[in-house]
Amino acid sequence: MEPKRIREGYLVKKGSMFNTWKPMWVILLEDGIEFYKKKSDNSPKGMIPLKGSTLTSPCQDFGKRMFVFKITTTKQQDHFFQAAFLEERDGWVRDIKKAIKCIEGGQKFARKSTRRSIRLPETIDLGALYLSMKDTEKGIKELNLEKDKKVFNHCFTGNCVIDWLLSNNSVRNRQEGIMIASSLLNEGYLQPAGDLSKSAVDGTAENPFLDNADAFYYFPDSGFFCEDNSSDDDVILKEEFRGVIIKQGCLLKQGHRRKNWKVRKFILREDPAYLHYYDPAGGEDPLGAIHLRGCVVTSVESNTDGRRSEEENLFEIITADEVHYFLQAANPKERTEWIKAIQVASRTGK
């Protein structure tokens, strides 16, 4: 009997011999992890046994790379994976940890609601707390803050975080708030912005998190960016990134010239409505942007040459300038979710 598939999707994996990061189609089974060069491949490029393995998350071995986790096998081989965004990483980590635990206990993997394993008081759930902090109505307000002739967009101050924790009765005092905020920072739920908060994380301050009005922080998927004294062209370019992120993840995109398909990380923003795509293996700047205002998005059941596609779950975006983009989701549910989200953004965004 074949092992049960628990989770599958695109992740970026670090090469075992060379220091290169490449997107892979990854399948989590009950007893191991298979990774493929392409989703359509019949044979995996490699397999990681989970029996006796340990998992480290967040893994901060690679500086600017976010949402990385590490699996260490019984042979002391390290495997590094990078997710596209925080919730995706946490989903993989949660399922891998549970799969390892089930192997150790001789049990079958079954999805049940379980508390995350964190070294904090029983009443604290960092994942739930993070979602509350991001709530658009009752959460922490994201601001545009200026310091040292720089403007930090979509961020907030350290003392605002502690004030919010106290006002929501999440902590009893400011010292306890600093402990919780430091845990959120260590787990990747918060990110430092600016020299002061970054120096604290690097260890030059007593606590990694600063209860300070001059220490800036941001949510990792908020659309944060920093700008200094820039030209009018730069301001126009930055306008694309001011929108709120409403969806993100990896999709296959067809190139306009060679018609080849490559994995790209997509970030969908509304108001203004843009779909930016990035090299998932690295790079902070987008490879391109699709302006969605007035676009049409539909599912596609055949290739652009009219033949039936070997891989389903295709959809097409036609912009107001009549530029065609062909994308491929991993499954029908994901395709439907992307189409609906793009349709909403195209109607409400600038």
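The values are calculated or read from the model by the stated rules, or taken from the named source; none is laboratory data. Please read all numbers here as calculations on a predicted model, not as lab measurements. All Cβ positions, glycine included, derive from the backbone under ideal geometry; neighbour counts span all protein chains shown. In case anyone asks, the SASA skips ligands and DNA or RNA and just uses the protein heavy atoms, side chains included. Shrake-Rupley method; radii C 1.70, N 1.55, O 1.52, S 1.80 Å.
Laid out as a table, the results:
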{"item": "Projected-area average for region 239-348 over all orientations - Cα convex hull basis, square nanometres", "result": "6.8 nm²"}
{"item": "Selection from P192, S57, N313 lying farthest towards where the dipole of the chain points positive, charges on Cβ", "result": "N313"}
{"item": "Percent accessible area from carbon and sulfur atoms, the chain, protein chains only, probe 1.4 Å", "result": "47 percent"}
{"item": "Gain in span if fully extended, D285 to K4, counting 0.36 nm per residue against the direct Cα distance", "result": "97.4 nm"}
{"item": "FRET efficiency, 1/(1 + (r/R0)^6) with R0 45 Å, evaluated for N169 and H324 via beta carbons", "result": "0.30"}
{"item": "Taking the C-alpha atoms of region 128-226, convex hull volume expressed per residue in Å³", "result": "87 Å³"}
{"item": "Cβ-placed point charges (K, R +1; D, E -1), dipole of region 239-348 about Cα centre in debye, nearest 20", "result": "160 debye"}
{"item": "Charge dipole magnitude, Cβ of K and R +1, D and E -1 - the chain, Cα centre, debye nearest 20", "result": "1460 debye"}
{"item": "Peptides ranked, highest mean first, by Cβ atoms within 10 Å: ranges 136-147, 213-224", "result": "213-224, 136-147"}
{"item": "Region 240-247 - phi-based ³J(HN,Hα) in whole Hz, Karplus 6.51/-1.76/1.60, Gly and Pro as x", "result": "4, 9, 7, x, 6, 6, 10, 6"}
{"item": "Cα lying deepest toward the dipole's positive end in the chain, options W92, G139, I48, charges on Cβ", "result": "I48"}
{"item": "Among R242, R258, R293, residue whose mean-square fluctuation peaks in a GNM of the chain (springs only between Cα atoms under 10 Å)", "result": "R258"}
{"item": "Peptides ranked, highest mean first, by Cβ atoms within 10 Å: ranges 193-199, 166-172", "result": "193-199, 166-172"}
{"item": "Taking only Cα atoms of region 5-105, radius of gyration then Dmax in Å", "result": "12.6, 37"}
